[in-house]
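> Questions regarding the structure given below will be posed in turn.
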Amino acid sequence: MTPCWRRRRREGAQATLETALVMPIMFAITLGFIGMMLQLRAECEFQSAVNLASQAAVQPALGDPDDSLSDARYAFSHTLDPYGTESGYVTVTQPLTCSGPYLEGEVSARPVVCSAGADVDFSNSVVGVVWFWTIHLSATAQAQPPPYRRCANPSAVDNGQPSC
């Protein structure tokens, strides 16, 4: 029969060994969950930036592509937090592009389509220990110009299309 103090000593050593084996696994799982949450936040923020850019592109008057693209780029860049405090892991790889007949001054019910691409990279953070690959994001959004912006006389509609 072994004395009680020796038994407790062995149990303490066993608990320390078990903790040493389990802690790295728990640390990796925790970092994986944190990385997943940051990735989802970056995806959501990036899609929101493209959505807001497409909405901003249809706000200037019909046929003013410079103003439309300027507003779209401003909305896009300022939604992504230019100081990097919230989206510091997002790097824009494909600049925002918008197209559509509204931007060229044509009267049309077709939407303005904006798209952009970005990478999410955690290599400069602790999450990069377990999340070492780069995630590629791409987003596309459409915005319909409001009827009063499509032509001078928005009340005259023919087959769903404004007739000017």
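Derivation of every value follows stated rules applied to the coordinates shown; laboratory data play no part. Note that this is a predicted model, so its numbers are computed, not measured. With ideal geometry, Cβ positions are generated from the backbone for all residues, glycine too; neighbour counts draw on all protein chains shown.
> Between residue 104 and residue 30, what FRET efficiency comes out of the Förster formula 1/(1 + (r/R0)^6) with R0 = 41 Å and r the beta carbon distance, rounded to 0.05?
Efficiency for this residue pair is about 0.20.
> Note down the nm distance, to one decimal, between modelled labels 7 Å out along Cα→Cβ at residue 148 and at residue 97.
3.4
> By how many nm would the segment from residue 124 to residue 43 grow when fully extended, if each residue of separation counts as 0.36 nm and the alpha-carbon distance is taken off? Present the calculation step by step, with values, prior to reporting the outcome.
Details: separation 81, 0.36 × 81 = 29.16 nm, distance 1.85 nm.
Stretched out fully, the residue 124 to residue 43 stretch lengthens by 27.3 nm.
> For the pair residue 66/residue 15, report the inter-label distance in nm, with labels modelled 7 Å from Cα in the Cβ direction.
7.5
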